[in-house]
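Notes to accompany the following structure.
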Amino acid sequence: MQEYEFVRIPAARIRTGFRYDDDYRDVIRARATDGWEFVQALHFESDIHPHLDLVFTRKVAK
């Protein structure tokens, strides 16, 4: 069985694209040290509050 975790990183629109409040690479590394595996990044650029959702998974001990 798997469990999932979602981490939302708020973003701000800037002239050249977007600026994220946190560096997604640091978030992925930090979760990896806790046993989480990175699955996917979902961009919500057209949302009223743009953000990036990072999806992580790990096996659940029975």
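The values are calculated or read from the model by the stated rules, or taken from the named source; none is laboratory data. Computed from a predicted structure; not experimentally measured. In this analysis, Cβ positions are derived from the backbone assuming ideal geometry, glycine residues included, and neighbour counts consider all displayed protein chains.
Across segment 11-41, what is the total count of residues that are in a strand (DSSP E or B) and modelled with pLDDT of 95 or more?
Pass one, segment 11-41, residues in a strand (DSSP E or B): 11-14, 17-20, 37-41.
This time we only want the ones that are modelled with pLDDT of 95 or more, so: 37-41.
Going through segment 11-41 one residue at a time, the tally reaches 5.
Regarding Asp22, is this residue without any contact (Cβ under 8 Å) to a residue 24 or more places away in the chain and not hydroxyl-bearing (Ser, Thr, Tyr)? Give the derivation first.
Working: without any contact (Cβ under 8 Å) to a residue 24 or more places away in the chain: yes; not hydroxyl-bearing (Ser, Thr, Tyr): yes.
It is true that Asp22 is without any contact (Cβ under 8 Å) to a residue 24 or more places away in the chain and not hydroxyl-bearing (Ser, Thr, Tyr).
So, of the residues in segment 42-62 that are surrounded by fewer than 10 Cβ atoms within 10 Å (Cβ to Cβ) and closer than 28 Å to Met1 by Cβ, which turns out to be modelled with the highest pLDDT?
Step by step, filter segment 42-62, then rank; the result is Val60.
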